[in-house]
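Novice: This structure is in C-alpha cells; I'll ask about it shortly.
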Amino acid sequence: MTEFSNSSDPLSPLDRWKTDIRKGKKQLAVLIDPDKCGEDVLPKLLSHLPDATTHIFVGGSSVAPGVTHDLIVAIKRLVNLPIWIFPGDAEQISPAADALLFLSLVSGDNPEYLIRQQERAAAQLQAIDLFTIATGYLLIDGGRDSAVAKVTKTLPLSLNDPDKIANRAMAALYMGAKSIYLEAGSGAKNPIPATVITRIKKQTELPLIVGGGLRETQQIESAWAAGADMVVIGTAIEEIITNNKIQN
Ligand code: 1GP
C-alpha cells in the first residue's frame, strides 16, 4: 500500500476530500452494487448520474470474487470520477479503484466485521497500490430490516440512545478512523436524522459520510446542511434501471 492514488491529482483522495470540505464543497457519491448492476446496464446508468455526483462507490453485501474489479475497470472506461470501494467484505478489493474505505463496523459486536475481514484485507493491501481511508462504519436503525444487519449479524444502533451512537463514533476516532459513515441501511424507511448527523460531525470533526434511504434532492440537501460532507445514494439510482425509465 502506498500513500498515492491512481489519479493524476497530486493530493491523496483523503487530502482532496479534506480540502473540499474546507472549501465548503459537498460531495455526492453514487453507489453501484455489482450484484445489482451488470456491465450491460452500466452505460445507461452512468449516463443518468445526477449532475452533483462527485464520486462513484462500488460495493455490495455479497459480491462474488473478481466481479467488483471488473466492474470498476468498466466504470473507469466510461466516467472520469473518483471510484472508491465501499466493500461488503475483503473479496471486493481491487487495485483499479482510487481508494478503499477501510471499514470497521463499530456499531456492532461481531469480530468478523471488526477485525477478521480487516486482517484478510491487510494481507492483500500489502501487495497492491491502493489508498485506504480508515472509516468507522455505524449502522443505525432506519426503520426497516437491512442487508447490512442480515449479512453481518449485527443489530443497528437505536435512535433512542444518541449517547451510544456518539460514543461508538468517538471510539472509532480514538482507534484511528479518518472518517465516519452513518448508515441507515440501503432502502431505509427513515434516513439518518439531522440531529444525529449534526452531533456526530460536531463531536468527531471527521469527514462524515451519510447514506441509506436518501432519494429526494431535498433529503440530500438536508443531510449536507446538517453536517454530512458526503451523501451516498444507491437505491434511487438502481430504480432507474429496474423501472425501465432509461430509454434506449
Ligand atoms: C447503502 O448508504 C447506502 O449502503 C445507500 O443506501 O440504497 O438507500 O440509497 P440507499
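The values are calculated or read from the model by the stated rules, or taken from the named source; none is laboratory data. Quick caveat, the model's predicted, so the values are computed rather than measured. Here Cβ is always computed from backbone atoms with ideal geometry, including for glycine, and neighbour counts include all displayed protein chains.
For (1) under 18 Å from Ser61 (Cβ atoms); (2) without any contact (Cβ under 8 Å) to a residue 12 or more places away in the chain, each residue gets a yes or a no:
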residue	(1), (2)
Ala147	yes, no
Ala169	no, no
Tyr174	no, yes
Ser179	no, no
Pro207	no, no
Gln218	no, yes
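Novice: Would you please list the contacts, defined by Cβ atoms under 7 Å and residues six or more apart or on different chains, that run from a residue in region 182-195 that is within 11 Å of Gly211 (Cα to Cα) to a residue that is part of a loop (DSSP other than H, G, I, E, B) and at pLDDT below 95?
Specialist: Going by the 7 Å Cβ cut-off, there are no qualifying pairs.
Novice: May I pose another question? Does Glu91 satisfy the condition of being over 23 Å from Ala223 (Cβ atoms) and either assigned to a loop (DSSP other than H, G, I, E, B) or of a type in the set (Ser, Thr, Tyr) (or both)?
Specialist: Values: over 23 Å from Ala223 (Cβ atoms): yes; either assigned to a loop (DSSP other than H, G, I, E, B) or of a type in the set (Ser, Thr, Tyr) (or both): no.
Criteria not met by Glu91.
Novice: Working carefully through the options Asp98, Asp89, find the one that is touching a strand residue (DSSP E or B) at 6+ places or on another chain (Cβ under 8 Å) and of a type in the set (Asp, Glu). Before you say what the answer is, go through the steps one by one.
Specialist: Working: Asp89 fails: touching a strand residue (DSSP E or B) at 6+ places or on another chain (Cβ under 8 Å).
Criteria check complete, one pass: Asp98.
Novice: A follow-up question, please. Does region 9-27 contain at least one residue that is hydrophobic (A, V, I, L, M, F, W, C), in contact with a helix residue (DSSP H, G or I) (Cβ under 8 Å, 6 or more places away or on another chain) and surrounded by fewer than 16 Cβ atoms within 10 Å (Cβ to Cβ)? Walk me through it before giving the result.
Specialist: Looking only at region 9-27, we keep the residues that are hydrophobic (A, V, I, L, M, F, W, C), and these are 11, 14, 17, 21.
Now restrict to residues that are in contact with a helix residue (DSSP H, G or I) (Cβ under 8 Å, 6 or more places away or on another chain): 11.
Now drop any that are not surrounded by fewer than 16 Cβ atoms within 10 Å (Cβ to Cβ), which leaves 11.
Yes, the conditions are met somewhere in region 9-27.
Novice: One residue is enough: does region 172-180 have a residue meeting the conditions buried (at least 21 other Cβ atoms within 10 Å of the Cβ) and of a type in the set (S, T, N, Q)?
Specialist: Within region 172-180, one or more residues are buried (at least 21 other Cβ atoms within 10 Å of the Cβ) and of a type in the set (S, T, N, Q).
Novice: Suppose we filter Ala127, Ala166, Ala123 for residues that are surrounded by fewer than 19 Cβ atoms within 10 Å (Cβ to Cβ) and in contact with a Lys or Arg (Cβ under 7 Å, 6 or more places away or on another chain); which single one remains? Can you show your working first?
Specialist: Numbers: Ala127 fails: in contact with a Lys or Arg (Cβ under 7 Å, 6 or more places away or on another chain); Ala123 fails: in contact with a Lys or Arg (Cβ under 7 Å, 6 or more places away or on another chain).
Within the list Ala127, Ala166, Ala123, the selection yields Ala166.
Novice: Identify all residues within region 193-210 that are part of a helix (DSSP H, G or I) and either β-branched (Val, Ile, Thr) or within 13 Å of the ligand (Cβ to nearest atom) (or both); write none if there are none.
Specialist: Thr195, Val196, Ile197, Thr198, Ile200, Thr204
Novice: When you scan region 211-227, do you find a residue that is within 21 Å of Pro50 (Cα to Cα), within 13 Å of the ligand (Cβ to nearest atom) and in a strand (DSSP E or B), even just one?
Specialist: yes
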